[in-house]
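Coordinate-derived values only; no laboratory data. All of these numbers come straight from a predicted model, not from anything done at the bench. Cβ sites come from the backbone with ideal geometry, for glycine too, and all protein chains shown count toward neighbours.
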Amino acid sequence: MVETDFKVLADTLVEQGYIIVSDFIDADLTEQLYQHVTALPASMFNTAKVGRQQTAQQLETVRNDRTVWLSNAYPVEQAYLDTMDTLRTQLNRQLFLGLRDFEAHFAHYPPGHFYQRHIDAFKGQSNRVVSSVFYLNSDWSGQDEGQLILYQPDGETRLQTVLPRFGTLVLFLSEQFPHEVLPALRDRYSIAGWFRTDGIL
């Protein structure tokens, strides 16, 4: 991880409910993650589902990205998980959030694929507290599209438009901000993750 002022990060997350950080992780690790995910066999990826646990189902009219969960089976994945665990510890230290763990998956959006507007956690119905998205795409421009749109809690007013550029990390409070992924014109790779507490899933 590059040098990060965790107090500023935590303060911004409290004040705004979200934060966008450029070059969050060392560029070498980011590139290794990109090379790794693009080398994984297609058979490892699953069409993403909507919902959690027993209620999860494939709804390709809502989302049609392809995902594979990170684990400690590969050193490069473990390096990313270790980095995010450091961030988890710092968020707890600064904000007393009681975050117990972090889960994450690679997300591949082929050209034209999308994820419609949604929220990661409904109040009182999930243990997801802080959502994260980390982007692995080099030389990404506005012409490539594929933006992440964050909405105000009302679900209607656009708050931020984020290009999925190499090394950019987005954090936001899972229960507060609806968001969507617009279709891109080229393959788009990211790591979606959630800092969680104990309790309901």
### Query
With θ set to phi - 60° and the Karplus curve 6.51 cos²θ - 1.76 cosθ + 1.60, what are the ³J(HN,Hα) couplings of segment 68-84 in order, to the nearest whole Hz, using x for Gly and Pro?
8, 6, 6, 8, 8, 6, 10, x, 5, 5, 5, 4, 5, 4, 5, 4, 6
### Task
Subtract the Cα-Cα distance of Q116 and S138 from 0.36 nm times their separation in residues, and report this length gain in nm to one decimal.
5.5 nm
### Message
Can you compute 3J(HN,Hα) from phi for each residue in segment 112-122, using the Karplus curve 6.51 cos²θ - 1.76 cosθ + 1.60 with θ = phi - 60°, rounded to whole Hz and x for Gly and Pro?
### Response
x, 8, 7, 9, 5, 4, 7, 10, 7, 8, 7
### Task
Among L87, L81, rank each residue by its count of other Cβ atoms within 10 Å, from fewest to most, as a rough exposure measure.
L81, L87
### Query
What's the local net charge at P110, with K and R +1, D and E -1, over the other residues with C-beta under 14 Å away?
-1
### Task
Enumerate the calculated ³J(HN,Hα) couplings along segment 132-140 in order (Karplus 6.51 cos²θ - 1.76 cosθ + 1.60, θ = phi - 60°), each rounded to whole Hz, writing x wherever the residue is Gly or Pro.
9, 9, 10, 9, 10, 9, 7, 6, 8
### Task
Would you give the gap between the C-alpha center of segment 84-113 and the C-alpha center of segment 1-45, rounded to a whole Å?
9
### Antiparallel bridges, percent of DSSP beta bridges restricted to the chain (to nearest 5)
100
### Query
Can you pull the semi-axes for the chain, root of five times each eigenvalue of the Cα gyration tensor, sorted largest first, whole Å?
23, 20, 18
### Query
trypsin sites (Lys or Arg not before Pro) within segment 96-172: which are DSSP loop residues with at most 13 other Cβ atoms inside 10 Å?
K123
### Query
Kirkwood Rh, Cα Rg: Rg to Rh for segment 90-201?
0.98
### Task
As a check on your grasp of the helix formula, calculate [θ] at 222 nm for the chain: sum -39500 (n - 2.57) over DSSP H runs of n ≥ 4, divide by the residue count, round to the nearest 500.
-7500 deg cm²/dmol
### Message
Order these by the 10 Å Cβ neighbour count, fewest first: S174, S190.
### Response
S174, S190
